[in-house]
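Comments concern the structure below.
The values are calculated or read from the model by the stated rules, or taken from the named source; none is laboratory data. Note that the structure is predicted; figures quoted are calculated from it, not measured. Ideal geometry is used to build each Cβ from the backbone, glycine not excepted, and the neighbour counts take in all protein chains shown. With ligands, DNA and RNA removed, areas are computed over all heavy atoms of the protein, side chains included. Shrake-Rupley method; radii C 1.70, N 1.55, O 1.52, S 1.80 Å.
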Amino acid sequence: MPEESLKECLLKTPSQDKWGRIGVQKKAGVLVPLFSVYSKKSIGIGEFRDLKLLIDWAKLSGNSIIQLLPLNELGRLFCPYDSVSSFALEPAYISLEDIPGANKSAIKIKLNQLKKNFPTGRAHIDYGIKKRKFELLWDIFLEKRQSHHKDLKKFIEDNSYWIDDFALFKVLKGYHQGAPWYEWEDKYKNRNISQLEEFRKIHEKDIVFQVWVQWQLYKQFKGVKEYAQAKKVLLKGDLPLLVSRDSADVWQHQEFFKLEFAAGAPVDMYCAKGQRWGMPTYNWERVSADDYRYLKEKLKYAQEFYDILRIDHVVGLFRIWSIPEHEPLQNQGLVGFFDPQDENKWEKQGRTILSVMLNNTKMLLCAEDLGIIPKVCTQALQDFGIPGNDVQRWMKD
């Protein structure tokens, strides 16, 4: 299709308002994991403020898009696609020196020591930096005590859907020595309301601290977004389709997940046994019954930081490979089925979910559509004006 005709088509699709805002001109960009984008000021790992240097570079080099790997809080596997929350940001990326209260002499001494112990530029990231940063964050929190700050209260109000339960989850996880939520005491595992309220009262300071940390992360990342806007550089986010079985999301909304199954991929020419990722699959009927609020809230928060959003494993919105949880791990993806099992339901499910996403965000949606994709998915993306991905060395025509 000629370029001009393609532009005209995009501006007539359901994504027309997004294309109108982003522009249909050709653009170049770079994809980076934040953990590797460090500067002389970084402590142990790339930090949010380092993105401003990358934005400056993008502007100078003629790049107008920076795509980031997922920035959700990492779980014990340190995998960005197996996060403990679809909302919470990873605390390891925080810039401690930019937090109000970090200029106290006692804090600065600890900061300098931390820099010596966790230098950047090594071959591998020492994720022990996360625990050490948390220790210093606690000191700053006690020093500043901004729990009644009006901006913090607004942050809590705007994110009431997830922030309180996430903070409670984090403290409960610490209380259970890091054990997954499905191994907790029944009263906490099954979310007994009275018992949780009693726990909140006893551990109020710890819970407020977790909220405060997420507020600090929000402010720093929001500052990056504003800086990018001023430089006319677009930020492209990556929101994983799935979330860890041991996550605040699953603990808070167990009804939205099919915990008896693990997501993966069937056998193909690249994997003789298929793949088993381990995250639970969605119960879209239950998500739909709640008017897709869980999905809408995820988009609402991501929109605070990104202009463009990569839809991870977009075909999973239409159908996903489901492996019985009790299936031996060595079988990987050999034994499973596509959910929905009725192929005739794939198109309606996928188009419905994509419509919800399009109608509840200002971000331009881009699909990760690599691999074996059924025609119903490809056609839907074209109809909605959602671009996919091509890996040039894989292209056959």
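Set the bar at 27 Å for Cα to Cα. Now go through Lys59/Lys130; Lys41/Lys130; Lys258/Lys396; Lys59/Lys110; Lys26/Lys231; Lys18/Lys130 and name every pair that lies beyond it. Result: Lys59/Lys130; Lys258/Lys396; Lys59/Lys110; Lys18/Lys130 exceed 27 Å. The alpha carbons of region 1-158 stretch over 63, 41, 32 Å along the principal axes, in descending order. Give me the net charge for the shell around Leu152: Cβ to Cβ below 15 angstrom, other residues only, Lys and Arg +1, Asp and Glu -1. Combined, the nearby Lys, Arg, Asp and Glu give +3.
Taking every DSSP beta bridge that has both ends in region 247-397, the antiparallel portion is near 75%. Dipole of the chain computed with +1 at Lys/Arg Cβ and -1 at Asp/Glu Cβ about the Cα centre; of Leu217, Ile207, Leu114, farthest Cα towards the positive end is Leu114. The simple Förster model, with R0 at 22 Å and r as the Cβ-Cβ distance, assigns Asn117 and Arg76 a FRET efficiency of 0.50. Working note: 222 nm ellipticity from helices only, DSSP H runs with n ≥ 4, each -39,500 (n - 2.57), summed and divided by the residues of the chain, gives -12500 deg cm²/dmol to the nearest 500. Listed values for region 39-55 are Karplus-derived 3J(HN,Hα) couplings in whole Hz (6.51 cos²θ - 1.76 cosθ + 1.60, θ = phi - 60°), namely 10, 5, 8, 5, 10, x, 6, x, 10, 4, 5, 5, 5, 5, 5, 5, 5, and x replaces Gly and Pro. On full extension, the segment bounded by Tyr227 and Glu304 gains 26.4 nm, given 0.36 nm per residue less the C-alpha separation. For region 190-195, the Karplus equation 6.51 cos²θ - 1.76 cosθ + 1.60, evaluated at θ = phi - 60°, returns couplings of 9, 6, 5, 4, 5, 5 Hz by residue, with Gly and Pro reported as x. Sequence-ordered 3J(HN,Hα) estimates for region 301-318 from the Karplus curve with 6.51, -1.76 and 1.60 and θ = phi - 60° stand at 6, 4, 5, 5, 10, 10, 9, 10, 10, 7, 7, 5, 6, 4, 4, x, 6, 8 Hz, glycine and proline given as x. Dividing the Cα radius of gyration of region 22-97 by its Kirkwood radius returns 1.02 for Rg/Rh.
Given +1 at the Cβ of Lys and Arg, -1 at the Cβ of Asp and Glu and no other charges, the dipole of the chain around its Cα centre is 1660 debye to the nearest 20. Which entries of Lys225/Lys300; Lys40/Lys153; Lys222/Lys296 show an alpha-carbon separation above 24 angstrom in the structure shown? Violating the 24 Å limit, Cα to Cα: Lys40/Lys153. Listed values (i) 26.0; (ii) 22.6; (iii) 23.8 include one computed from this model; for Kirkwood radius over Cα pairs in Å that value carries the label (ii). Computed from label points 7 Å out along Cα-Cβ, the spacing between Tyr182 and Asp17 is 3.9 nm. Grab the other residues whose beta carbon is less than 11 angstrom from that of Ser95, score K and R as +1, D and E as -1, and report the net. Its environment carries a net charge of +1. Highest mobility in the GNM of the chain, judged by mean-square fluctuation with C-alpha springs under 10 Å and restricted to Ala58, Ala88, Ala106, is found for Ala106.
Positive-end ranking of Phe338, Val315, Tyr294 along the dipole of region 290-339, with charges on Cβ about the Cα centre, is headed by Val315. For region 1-106, a simple Cβ point-charge model (Lys and Arg +1, Asp and Glu -1, everything else neutral) yields a dipole of about 200 debye relative to the Cα centre.
For Lys219, the shell of other residues with beta-carbons less than 10 Å away shows a net charge of -1, using +1 for Lys and Arg and -1 for Asp and Glu. Taking amide H as placed 1.01 Å from N in the peptide plane, the amide H of Leu241 sits under 5 Å from that of Asp312, each at least 5 places away or on another chain.
Extending 7 Å from the Cα toward the beta-carbon at both Glu143 and Val335 defines two label points whose distance is 5.6 nm. About the centre of its Cα atoms, region 260-397 shows a dipole size close to 180 debye [charges on the beta carbon of Lys, Arg (+1) and Asp, Glu (-1) only; nearest 20 debye].
Summarising the strand pairing of the chain, around 45 percent of its internal DSSP beta bridges are antiparallel.
For the chain, set up a GNM with springs between Cα atoms under 10 Å and report which of Pro91, Pro33, Pro280 has the largest fluctuation. Per the Cα network of the chain with a 10 Å cutoff, Pro33 tops the list. For Lys205 and Leu53, the FRET efficiency from 1/(1 + (r/R0)^6), where r spans their Cβ atoms and R0 equals 45 Å, is about 0.80. In this calculation the C-beta distance from Glu285 to Lys104 is compared with R0 = 56 Å, giving a FRET efficiency of 0.60. Excluding ligands, DNA and RNA, the accessible surface per residue across region 159-276 is 43 Å² with a 1.4 Å probe.
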